[in-house]
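The values are calculated or read from the model by the stated rules, or taken from the named source; none is laboratory data. Quantities reported herein were computed from a predicted structural model and do not represent experimental measurements. Every residue, glycine among them, receives a Cβ derived from its backbone with ideal geometry; neighbour counts consider all protein chains shown.
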Amino acid sequence: MERSPELIAQVLARATGAPLVPGNAVRLLRDAAENYPAWLEAIRGAERYVYFENYIIRDDHVGAVFADALIAKAGDGVPVRVLYDWMGAVGKTSRRFWRRLRDAGVEVRGYNPPHGFRPLGWLHRDHRKMLSVDGRVGFVTGLCVGAEWVGDPERGIAPWRDTGVEVRGPAVAEIDAAFADAWARAGPPLPDGEPRPRDAMRREGDVALRVVATRPGTTGLLRLNQLVAAVVRHRLWITDAYFAGIPSYVQALRAAAGDGVDVRLLVPGATDLPLLSPLSRAGYRPLLEAGVRVFEWKGPMLHAKTAVADGRWARVGSSNLNIASWIGNLELDVLVEDAAFARAMERMYEQDLENATELVLPARRRRAGLSGRVNLGPRTEESVERETGTAAHEATGGAGTGGRRPRPRAGASAGRAAAGALRVGHAVGAAIGERRVLVSSEARLLGVLGVALLLLAVVVVLWPRVLMLLAAGLLLWGGSALLARARALRAESGAATSSRSSPPSRPSSPSQSTPPSHPAPPSRSSPQMEEEDHPADVGTEHDQ
């Protein structure tokens, strides 16, 4: 990426919509052992405000530590605002936990609770993980708040592997702006005077970075990832918790590897959805065939979302390499353009590979040249089974650090389910439309789907009334949602038109002025809205 840096910078800016902000100090933080203490120190030192946005804040002993710190700071009179995702909190955080925060003066909101007239609205989640304090220091990470990230040494449970960054300098204003946007999506906007403007923040270092805050329906990170894969010249090392690349991104990685780039992908070895594990590994074969090196983590869970390219560009944040993060969610990442930081990321990556096993194609079907590139002979059913069976078993059979598999989690399961559904869709589409050559490892998947469709056909023949009632219910729900949305849009349009067309009252004479005869229209977002009435209060009560 050393050629034409000005052109690359321009393309990066247009692809992400994020300006390059110089003058920052950035610190790489590994796992909860380095992230959590830094977060708590920042919260306890707050003087102006605390913004805390996270997909999951668990009601456990780790969440209690953060709750105590937030409550203590709110007790000092510092505005403390917490934004969590409604779905991320289901089954993990009780109403009592949020009520305790609110009663202590912490302003708490939940993002996108279910709504009867938005049947598909639940697909858009706030997957960001950030903390900002006083416009002085900001954190952008892949870590949620919970005991999984801490582990339990006494029981031999290692902490989850994850990565974050600490940012000081003018770029913190961009982190604050991202929070302000998400906060306004869940209720009234931040009050005047918050957050601090960028020109009020001093330089803290020499690092330039971009803060990429994506929203549902935007594809800034997808464009960025494809662009980096297209321009990288030497190394592209990726870590991802729920990789499910769409065909265009997979092809970009394959093309880079075919051009001699050292492309590596580090993914979890343990999974919270065992049934999707063979499907996930089958998706690695196109990458392996092109020379991309794929590694599986041997610890309990790899949750980091990072990339480093050519020893100069690095990404850290909340975005996974799948369609949910690229299009469906609120996500937050930092793109650091600094050689020293990138070298630190590469060293961390090499350390991670010491606790990972490389997935390889069967030895007798592989001819490796001096460059380590893989050339395959003819594909056979046995060779694919060995790839997804024997090699995968070796990759996950070791205990690694901690050795215990993670218990299923709703949030992670949803991500893995989305990844699996995407791969299923690709395989079915390829089989029906003949868009690409199917590999033999997909034969079992297509067979299962074929049997399922035949069984569904039998159900339709034997019990047509059940299917008709189900279809009618879905149609009624969807139709009612569309009508309600149309009515709301018409009401908003009418109110805006009325406001523009109403002229102000004129004074009775040129020499005498009187105030307008009608009061100003009330604000649509009243600051007197009580948080207890916000629909995001929905949660699950835990017995204690």
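Residues in the range 216-247 that are within 26 Å of TRP149 (Cα to Cα) and not acidic (Asp, Glu): LEU221, TRP237, ILE238, THR239, ALA241, TYR242, PHE243, ALA244, GLY245. Among the residues of the range 62-71, is any more than 26 Å from the chain's Cα centre (by Cα), small (Gly, Ala, Ser), at pLDDT 95 or above and more than 14 Å from TRP183 (Cα to Cα)? Within the range 62-71 (the criterion being more than 26 Å from the chain's Cα centre (by Cα), small (Gly, Ala, Ser), at pLDDT 95 or above and more than 14 Å from TRP183 (Cα to Cα)), the answer is no, since none of the residues qualifies.
Considering only residues in the range 1-32 that are basic (Lys, Arg) and modelled with pLDDT under 95, the one that is surrounded by the fewest Cβ atoms within 10 Å (Cβ to Cβ) turns out to be ARG3. Within the range 100-141, restricting attention to residues that are closer than 24 Å to ALA488 by Cα and of a type in the set (Phe, Trp, Tyr), the residue that is modelled with the highest pLDDT is TYR111. For residues that are assigned to a helix (DSSP H, G or I) and β-branched (Val, Ile, Thr), scanning just the range 214-259, find the one that is surrounded by the most Cβ atoms within 10 Å (Cβ to Cβ). Across the range 214-259, the extreme among qualifying residues is VAL228. Out of the residues in the range 58-94 meeting the condition of being out of contact with any Cys (no Cβ under 8 Å at 6 or more places or on another chain), among the small types (Gly, Ala, Ser) and touching a residue at least 40 places away in the same chain (Cβ under 8 Å), tell me which one is nearest to ASN112 (Cα to Cα). The qualifying residue nearest to ASN112 (Cα to Cα) is ALA89.
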